[in-house]
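A.B. asks: A single structure is presented below for examination.
The values are calculated or read from the model by the stated rules, or taken from the named source; none is laboratory data. The shown structure was predicted, so the numbers you read here are calculated from the model rather than taken from an experiment. Glycine gets a Cβ as well: all are built from the backbone with ideal geometry, and neighbour counts include every protein chain shown.
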Amino acid sequence: MKHETGYDVIVCGGGTSGVAAAIASARTGAKTLLIERLGTLGGQMNVSGPPGFSYAWLFNQRGEQIIAGIVEETHKRLLEMGYALPHNHSEYREGSGFTFSYVDPDWWGLLIFNMMDENNVDLLLHAMVVDVLKEGDKVTGVVVETVGGKLELKAKVVIDCTGEGYVAVQAGAPTDMVPKEELQPHTLAFTCDGVDWDELLAYVRAHPEEFVYPNVPGRSAEETCEILRRVEDVWELGEIRGFASILEKVMETKEWHGMSGLGFFLMPKGDPKNRRILAHLQHSSHVPGRSPYDPWDLTYCERETRRQIQIAFKVFKKYMPGFKNAYITRVCPELRIREGRRIVGDYILTRQDVAEAKKFPDVIGKSGFPAGGHHIASTQTIATDSVWPKDRGSHDIPYRCLVPKEVENFLVAGKAIATDRDAYHRFLQQTMVTGQAAGVAAALCVKQNITPRELEKDLSELQKILQEQGAILYGTH
């Protein structure tokens, strides 16, 4: 069977940014290929996790929806199929910005394959991009290693959606990264079923002061505790972190590894008539000081996280209310890499931009996530040096953050877009926003026979198409 070797757009990496980029590119009329080193698609949604964090932060603290597009489309389709829960606007979470729109991650992965077929996206799975083809500073394609040998594939525009900027480095794009000793720790997530949620909720209601609360401006800790005392459904909580007295005990007895705190997120499984509530532990293993560009370091992380998972599960079984009969249903098949390289782009989004809720003329999406919330390998789990967008609003994401300096015919979406460290856009919903924008931009560059950098001169068509595809660019704080 003969296969194509030339495309308008090649997307490297089939995670959350990559699938959004491929769909958006194809919908904008480009002949599109998506390359993924695994045999599945979905990345941090259904491969490395965190499905417990699925589609969080789609609303700002004012309750305005700021993220839609392909994110909203997939959530809506799964909701109609019975494999998602409505946007969480419970009293406990409303006003925090930290709301959830939970989906069954495995059905999400199946839906994504359907969407590849619906939009005529070509796929090349079990293939790794190992180099790029270039003419001067222009990228003209990629070199791929497969089980069948090496391939050279031509493209008019290439998009790096690998998360860690692997292809950007191969292309010669400048990048920035803190020393590996300062990188956020990497994690392996796992999921448990068999939880007695009535017992767990009884503990929450009896000990509301033990938990880490979502930040709701103007609401006191006592008011939050009062809400927790009357919680009736675990879905109202969204995620549950803290368990201060249990954590203190297991640290004293040296039964806990001490690299994270205690807590978990939630995962819906099954249709509405047969739905199960699962606990998804996506913070219970932390390995600091290891580089995502060193296979020996990654191997160490895979081993160490599995050691920590066993410690965590034993503690949960022994001490956590409702977990006595719990059992592990899934350990994510690969590491969740929290931090790596970021490109040096035509614009670098900063912590100050986030704090000012800055708006940009080249807006391609929004985010209400605070800047500076870095994971650390301690029982604190997350460092708290965060700033929120002013007026409980959101900031714009500029198109120029997707365009690396010194390289042409090339875009980056997902975690590696150009930001400073505190404004790092690594979260699932952010990666899909930038992925969708990169896909549309790449297709437009092909249509107009210009480079992604030249597209910066007039983004009106890009912004128009993004809005037609459901993206939110204007009209919110």
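A.B. asks: Of the numbered conditions (1) over 23 Å from residue 139 (Cβ atoms); (2) of a type in the set (Val, Ile, Thr); (3) surrounded by fewer than 20 Cβ atoms within 10 Å (Cβ to Cβ), residue 472 fails exactly one; give the number of that condition.
C.D. replies: Of the numbered conditions (1) over 23 Å from residue 139 (Cβ atoms); (2) of a type in the set (Val, Ile, Thr); (3) surrounded by fewer than 20 Cβ atoms within 10 Å (Cβ to Cβ), the odd one out for residue 472 is (3).
A.B. asks: So residue 20 ticks every box in (1) surrounded by fewer than 24 Cβ atoms within 10 Å (Cβ to Cβ); (2) in a helix (DSSP H, G or I); (3) of a type in the set (A, V, I, L, M) but one. Which box is left unticked?
C.D. replies: The one condition residue 20 does not meet is (1).
A.B. asks: Taking the range 90-119 as the region of interest, how many residues are surrounded by fewer than 17 Cβ atoms within 10 Å (Cβ to Cβ), under 19 Å from residue 22 (Cα atoms) and touching a helix residue (DSSP H, G or I) at 6+ places or on another chain (Cβ under 6 Å)?
C.D. replies: So the count comes out to 1.
A.B. asks: Could you list all residues from the range 147-179 that are surrounded by fewer than 18 Cβ atoms within 10 Å (Cβ to Cβ), of a type outside the set (A, V, I, L, M) and farther than 17 Å from residue 291 by Cβ?
C.D. replies: 148, 149, 150, 152, 154, 172, 174
A.B. asks: Sort through 273, 324, 366, 317 and tell me the only one that's surrounded by fewer than 17 Cβ atoms within 10 Å (Cβ to Cβ) and either more than 26 Å from residue 204 (Cβ to Cβ) or in contact with a helix residue (DSSP H, G or I) (Cβ under 6 Å, 6 or more places away or on another chain) (or both).
C.D. replies: 273
A.B. asks: Hey, any hits in the range 397-413 for a residue that's under 20 Å from residue 112 (Cα atoms) and in contact (Cβ under 8 Å) with a residue 24 or more places away in the chain?
C.D. replies: Looking through the range 397-413, at least one residue is under 20 Å from residue 112 (Cα atoms) and in contact (Cβ under 8 Å) with a residue 24 or more places away in the chain.
A.B. asks: Quick check on the range 417-427. Is at least one of its residues small (Gly, Ala, Ser), closer than 23 Å to residue 163 by Cα, in contact with a Pro (Cβ under 9 Å, 6 or more places away or on another chain) and assigned to a loop (DSSP other than H, G, I, E, B)?
C.D. replies: Scanning the range 417-427, I find at least one residue that is small (Gly, Ala, Ser), closer than 23 Å to residue 163 by Cα, in contact with a Pro (Cβ under 9 Å, 6 or more places away or on another chain) and assigned to a loop (DSSP other than H, G, I, E, B), so the answer is yes.
A.B. asks: Please enumerate the residues belonging to the range 450-477 that are touching a residue at least 24 places away in the same chain (Cβ under 8 Å) and under 17 Å from residue 394 (Cα atoms).
C.D. replies: Scanning the range 450-477 gives 471, 472, 473, 474, 476, 477.
A.B. asks: Looking at the range 375-386, I want the residues that are among the hydrophobic types (A, V, I, L, M, F, W, C) and have a partner that is assigned to a strand (DSSP E or B) with Cβ atoms under 6 Å, at least 6 apart or on another chain. Which pairs are those?
C.D. replies: Every condition considered, the pairs that remain are 382/375.
A.B. asks: Ok, one more. Which one of the conditions (1) touching a Ser or Thr at 6+ places or on another chain (Cβ under 6 Å); (2) assigned to a loop (DSSP other than H, G, I, E, B) does residue 38 fail to meet, given that it meets all the rest?
C.D. replies: (1)
A.B. asks: Residue 139: in the same structural domain as residue 428 (by TED's automatic domain parsing), surrounded by fewer than 18 Cβ atoms within 10 Å (Cβ to Cβ), under 22 Å from residue 415 (Cα atoms) and touching a helix residue (DSSP H, G or I) at 6+ places or on another chain (Cβ under 9 Å), yes or no?
C.D. replies: In short, no.
So that you can scan it fast, the table gives a plain yes or no per residue for (1) within 24 Å of residue 349 (Cβ to Cβ); (2) surrounded by fewer than 20 Cβ atoms within 10 Å (Cβ to Cβ); (3) among the aliphatic types (A, V, I, L, M); (4) in the same structural domain as residue 346 (by TED's automatic domain parsing):
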position	(1), (2), (3), (4)
184	yes, no, no, no
195	no, no, yes, no
202	no, yes, yes, no
205	no, yes, no, no
208	no, no, no, no
212	no, yes, yes, no
217	yes, yes, no, no
221	no, yes, yes, no
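A.B. asks: Of all residues in the range 368-404, which are in contact with a strand residue (DSSP E or B) (Cβ under 9 Å, 6 or more places away or on another chain), polar (S, T, N, Q) and farther than 30 Å from residue 454 by Cα?
C.D. replies: 379, 381, 386
A.B. asks: Sticking with this structure for a sec: May I ask you to list the residues in the range 54-74 that are in a loop (DSSP other than H, G, I, E, B) and closer than 22 Å to residue 28 by Cα?
C.D. replies: Correct list: 67, 68.
A.B. asks: Tell me the strands (runs of 3 or more DSSP E) entirely within the range 276-387 that contain at least 2 residues that are touching a His at 6+ places or on another chain (Cβ under 9 Å) and under 19 Å from residue 413 (Cα atoms).
C.D. replies: Hits in the range 276-387: 363-367.
A.B. asks: With the requirement that a residue be within 17 Å of residue 21 (Cβ to Cβ) and either without any contact (Cβ under 8 Å) to a residue 24 or more places away in the chain or of a type in the set (D, E, K, R) (or both), what does the range 127-158 give you?
C.D. replies: Listed by number, the list holds a single entry, 156.
A.B. asks: Look through the range 231-255, keep the residues that are assigned to a loop (DSSP other than H, G, I, E, B) and in contact with a strand residue (DSSP E or B) (Cβ under 8 Å, 6 or more places away or on another chain), and return whichever of them is farthest from residue 91 (Cα to Cα).
C.D. replies: 243
A.B. asks: With assigned by TED's automatic domain parsing to the domain that holds residue 438 and in contact with a Leu (Cβ under 8 Å, 6 or more places away or on another chain) as the only criterion, which of 362, 391, 385 stands out?
C.D. replies: After applying the criteria, what remains is 362.
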